[in-house]
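Let me begin by presenting the structure, written as structure tokens, before commenting on it.
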Amino acid sequence: MNTKILALALAGSTVALSACATDGYGGGYGYSSVGWGTPYAYDGYYDGYYGPIHDGYWGSDDYFYYRNNDRDHRYRRGDRNHIMRAPPQGQHNYQPFRGEMRPQQGMKMPMWRGGGDHDGGGRGDGRRPGRGHR
């Protein structure tokens, strides 16, 4: 098995993702009010641009938010040129990845749409901007 795929799978199945994201992407960073709940499963295709991904989630804006390690307390938005839901056509440097994460209280999770009592606190969650936890 390709060691790169194995490393991505192991990193993706353990914790969280992080990368090149700022508030300039249009979604406010809010605090999640969820505790340790049901694991959120994710999968996609990744070219390795941001380094190892610890965990993450697909946001309500259809971007992937990730952390590079479990010490990161906020998720960063990955670019669609590097992280995709569907297999990229004609590009061979992407590897499939999958994993799961558990939202933690106090985490900054922009565009979170986890469901149940999950509250990402960012824009794009069906509420007006400026409402919710910030």
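The values are calculated or read from the model by the stated rules, or taken from the named source; none is laboratory data. Owing to the predicted nature of the structure, the values given are computational and were not obtained by experimental measurement. Note: ideal-geometry Cβ built from the backbone for every residue, glycine included; neighbour counts use all protein chains shown.
Just to check your reading of the model, which residue among Tyr63, Tyr94 is at pLDDT 80 or above, over 23 Å from Thr38 (Cα atoms) and of a type in the set (Ser, Thr, Tyr)?
Tyr94
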Checklist entry - Do you know which of the residues in the stretch 66-101 that are within 12 Å of His54 (Cβ to Cβ) and among the hydroxyl-bearing types (Ser, Thr, Tyr) is surrounded by the most Cβ atoms within 10 Å (Cβ to Cβ)? => result Tyr75
Checklist entry - Just for strands (runs of 3 or more DSSP E) wholly inside the stretch 50-103: which have at least 3 residues that are touching an Asp or Glu at 6+ places or on another chain (Cβ under 7 Å)? => result 95-101
Checklist outcome for this item: If you go through Arg123, Arg127, Arg131, the only one that is buried (at least 20 other Cβ atoms within 10 Å of the Cβ), of a type outside the set (A, V, I, L, M, F, W, C) and at pLDDT below 90 is Arg123
